[in-house]
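**Student:** Here's a structure for you.
The values are calculated or read from the model by the stated rules, or taken from the named source; none is laboratory data. Fair warning: this is a prediction, and the values are worked out from it, not measured in the lab. FYI the Cβ positions are ideal-geometry reconstructions off the backbone, even for glycines, and counts take in every protein chain you see.
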Amino acid sequence: MPSLSCHEPPQPPSAWVRRFSPLVPAGAPVLDVACGRGRHLHWFAARGHPVAGVDRDGEALAAVRGVGELIEADIETGPWPLAGRRFGAVVVTNYLWRPLLPTVVASVAAGGVLIYETFALGNAGVGKPANPDFLLRPGELLHACAALHVVAYEDGFLADPARFVQRIAAVRLADGEPGANPPPRYLLAAG
């Protein structure tokens, strides 16, 4: 596979991330977990957000140099490199490491949003990943986000490219919001 240079455009951002990025508070910092070559870092930086990305692949991170804060770390075997930090958005796509789910959710600041999309059970029948260790079980993402206010959730099949996914957009309510009257408004795309 050819290497992506710093001058080549990144892959386009996930449609799910694009759809729910307006929920991120203006100017709030955004963390991309397992950011790879930074397609979501570019997306949020272009919208005025300070961005941070963590990934174990130093070569992939080199393609994002200059976009924001980059942290090369193996988050599956080492300590969480962002302990105690909170973000206006935490983005995770095409990545699952179950022991990290509570940390990812805890990294969302009050008023911030978690935008998560990854593969789900059933994917083995259409492609990779096929290992159930890397496929969400039914409702697993909902359960992991129980402390957040779920704005949108999907669990199903996407045809192009063929894959089974689970995805969620969930907000950590700011202090005092749970009983707010009227409730907070999260603008959704017209269907």
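**Student:** Hand me the list of strands (runs of 3 or more DSSP E) wholly inside segment 1-120 holding 1 or more residues that are touching a residue at least 40 places away in the same chain (Cβ under 8 Å), small (Gly, Ala, Ser) and surrounded by fewer than 21 Cβ atoms within 10 Å (Cβ to Cβ).
**Tutor:** Numbers: elements: 30-33, 51-55, 69-72, 87-93, 108-119.
Ranges flagged: 108-119.
**Student:** Still on this model: Can you pull out every residue in segment 135-148 that is closer than 28 Å to Pro25 by Cα, in contact (Cβ under 8 Å) with a residue 12 or more places away in the chain and either out of contact with any Leu (no Cβ under 7 Å at 6 or more places or on another chain) or in a loop (DSSP other than H, G, I, E, B) (or both)?
**Tutor:** Within segment 135-148, Gly139, Glu140, Leu141, Leu142, Cys145, Ala147, Leu148 meet the criteria.
**Student:** How many of the residues making up segment 124-172 are farther than 13 Å from Leu101 by Cβ, among the aliphatic types (A, V, I, L, M) and out of contact with any Ser or Thr (no Cβ under 8 Å at 6 or more places or on another chain)?
**Tutor:** Of the residues in that region, 12 qualify.
**Student:** If you go through segment 125-134 one residue at a time, do you hit one that is closer than 21 Å to Pro13 by Cβ and outside any loop (DSSP other than H, G, I, E, B)?
**Tutor:** No - not one qualifying residue is present in segment 125-134.
**Student:** State whether one or more residues within segment 121-133 are at pLDDT below 95, among the aliphatic types (A, V, I, L, M) and either under 22 Å from Pro25 (Cα atoms) or buried (at least 18 other Cβ atoms within 10 Å of the Cβ) (or both).
**Tutor:** Start the filter on segment 121-133 by keeping residues that are at pLDDT below 95, which leaves 121-133.
With the extra rule that they be among the aliphatic types (A, V, I, L, M), the set shrinks to 121, 124, 126, 130.
Cutting the leftovers down to either under 22 Å from Pro25 (Cα atoms) or buried (at least 18 other Cβ atoms within 10 Å of the Cβ) (or both) gives us none.
Among the residues of segment 121-133, not one is at pLDDT below 95, among the aliphatic types (A, V, I, L, M) and either under 22 Å from Pro25 (Cα atoms) or buried (at least 18 other Cβ atoms within 10 Å of the Cβ) (or both), which makes the answer no.
**Student:** Here is a follow-up. In the set Trp80, Trp97, which member is within 14 Å of the chain's Cα centre (by Cα) and among the hydrophobic types (A, V, I, L, M, F, W, C)?
**Tutor:** Numbers: Trp80 fails: within 14 Å of the chain's Cα centre (by Cα).
Of Trp80, Trp97, the one residue that is within 14 Å of the chain's Cα centre (by Cα) and among the hydrophobic types (A, V, I, L, M, F, W, C) is Trp97.
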